[in-house]
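The values are calculated or read from the model by the stated rules, or taken from the named source; none is laboratory data. Please read all numbers here as calculations on a predicted model, not as lab measurements. Here the Cβ positions follow ideal geometry from the backbone for every residue, glycine too, while neighbour counts run over all protein chains shown.
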Amino acid sequence: MTKVAVVILNYNGQKFLETFLQSVVNYSENCKIIVADNASTDNSIVFLANTYPQIKLVQLPQNEGFAGGYNSALNQIEAEYYVLLNSDVEVTHNWIQPIIDLMDSDKTIAACQPKIRSYHQKTHFEYAGAAGGYIDWLGYPFCRGRVFDAYEEDLGQYNDTKEVFWATGACMFVRAEIFHKLGGFDAHFFAHMEEIDLCWRMKNAGNKVFYCSDSTVFHVGGGTLHKSNPRKTFLNYRNGLAMLYKNLPSNKLFITLLFRLVLDGISGIKLLLSGSLSDFLAIIKAHFAFYGLIPKLKRQSPKTVSQIYQKSIVWEHFVKKEKPKI
């Protein structure tokens with residue numbers, strides 16, 4: 001069996017493959033590199049066939065999003081570890097081995113991420129993952145090095161190896177056996193928040209998620225859906241609620257969802273007053289879509305797990321103007 005399979009899920013990402021795939025080829029020694037194409041309509045397939053004929057291509061018949069696309073692709077790939085890598089990521093020398101060594105040393109580590117810095121501002125952390133992901137008690141995600149739209153410069157303050165709550169889907173090392181045992185990503189999510197949901201389920205099953213600063217990659221971000229896209233707003237709000245429903249213990253479920261729904265409403269009103277009607281409508285649609293999704297969602301033995309930040313990151317960041325102490 002292959003030890004490490006680097007799997008790049010591509011959807012109309014020819015320009016990113018042209019820019020970044022060579023770095024993956026250069027710095028992924030002894031790893032199998034696979035591109036899983038999510039029914040692209042650009043010339044990605046032709047480009048890969050002509051430029052990288054040595055790279056295995058898995059063609060999916062339809063666009064199943066990040067969640068369903070990876071599930072379908074990884075069901076066709078045998079390896080001990082998967083590295084789920086966005087097409088808009090530039091990797092660096094020795095980006096793989098430190099994380100594999102860490103995961104080899106502790107079989108309870110189910111997922112791990114490297115340090116994620118911004119491709120366009122390489123001195124700073126990047127939105128999707130930064131120095132390891134967390135959520136607060138209301139389910140709002142944030143990272144060491146990035147809270148909402150505040151990004152820190154990398155001055156070595158997170159040069160450590162640390163257990164975190166979630167690892168970014170932009171560059172996520174996953175133990176294949178656990179991934180499949182848990183049923184992979186929840187395909188109902190389509191895209192966004194599915195990696196946090198998976199990490200939470202990993203923790204509910206008694207596993208750990210880590211960040212390792214000995215590996216660094218550079219991420220463009222917003223390659224498929226820009227963060228101001230109403231479709232992304234819809235997915236983030238719907239999936240955030242779905243994730244809470246699936247993973248919170250029963251004694252915390254109702255009160256947490258109630259607070260979250262109220263705060264989502266306040267967020268929507270703020271967007272409406274600022275002129276973002278499409279995002280306001282997206283939040284309303286997300287709430288009703290969540291209600292319709294509830295019968296399809298599985299609660300898999302939720303319990304209280306560590307690394308959930310017990311304060312409100314919204315209150316600390318926007319009101320108190322303080323950085324979380326994690």
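Figures for the structure shown
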{"item": "Scan of the range 199-221 for residues that are modelled with pLDDT of 95 or more and among the polar types (S, T, N, Q), ordered by number", "result": "N207, S213, S215, T216"}
{"item": "Set L272, L235, L281: member being under 19 Å from R201 (Cβ atoms), surrounded by 13 or more Cβ atoms within 10 Å (Cβ to Cβ), at pLDDT 95 or above and not acidic (D, E)", "result": "L235"}
{"item": "Hits in the range 145-160 - residues which are assigned to a loop (DSSP other than H, G, I, E, B) and within 20 Å of F318 (Cα to Cα)", "result": "G145, F148, D149, E152"}
{"item": "Exclusive hit being in a helix (DSSP H, G or I), under 23 Å from the mean Cα position of the chain (by Cα), among the basic types (K, R) and not assigned by TED's automatic domain parsing to the domain that holds C199, set K246, K252", "result": "K246"}
{"item": "Qualifying residue in the range 244-258 (condition: hydroxyl-bearing (S, T, Y), surrounded by fewer than 18 Cβ atoms within 10 Å (Cβ to Cβ) and modelled with pLDDT under 95)", "result": "yes"}
{"item": "Residue that is surrounded by the fewest Cβ atoms within 10 Å (Cβ to Cβ), among those in the range 145-189 that are at pLDDT 95 or above and at positive phi", "result": "G156"}
{"item": "Residue list for the range 87-142, filter: more than 14 Å from the chain's Cα centre (by Cα) and in a strand (DSSP E or B)", "result": "E90, V91, I109, A110, R117, S118, H124, F125, D136"}
{"item": "Strands (runs of 3 or more DSSP E) (entirely within the range 1-60) containing at least 2 residues that are of a type in the set (A, V, I, L, M) and touching a residue at least 60 places away in the same chain (Cβ under 8 Å)", "result": "2-10"}
{"item": "E153 being assigned by TED's automatic domain parsing to the domain that holds D197, under 14 Å from the mean Cα position of the chain (by Cα) and acidic (D, E)", "result": "no"}
{"item": "Test: residue in the range 291-313 that is farther than 26 Å from N251 by Cβ and in a loop (DSSP other than H, G, I, E, B)", "result": "no"}
{"item": "Where a residue in the range 131-144 is surrounded by 23 or more Cβ atoms within 10 Å (Cβ to Cβ) and its partner, wherever it lies, is in a loop (DSSP other than H, G, I, E, B) and among the charged types (D, E, K, R), with Cβ under 7 Å and at least six apart", "result": "A131/R144; G132/R144"}
{"item": "Subset of the range 244-298 (residues that are among the aromatic types (F, W, Y) and within 21 Å of F189 (Cβ to Cβ))", "result": "Y245, F288, F290, Y291"}
{"item": "Tabulated pairs, the range 82-97, first more than 21 Å from R175 (Cα to Cα), second among the aliphatic types (A, V, I, L, M) and at pLDDT 95 or above, C-beta under 6 angstrom, 6+ apart or interchain", "result": "D88/V220"}
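Yes/no per residue for (1) within 26 Å of N159 (Cβ to Cβ); (2) β-branched (V, I, T); (3) loosely packed, with under 15 Cβ neighbours inside 10 Å:
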position: T2; (1), (2), (3): no, yes, no
position: Q22; (1), (2), (3): no, no, yes
position: T41; (1), (2), (3): no, yes, yes
position: E64; (1), (2), (3): no, no, no
position: N71; (1), (2), (3): no, no, no
position: N75; (1), (2), (3): no, no, yes
position: S105; (1), (2), (3): yes, no, yes
position: A111; (1), (2), (3): yes, no, no
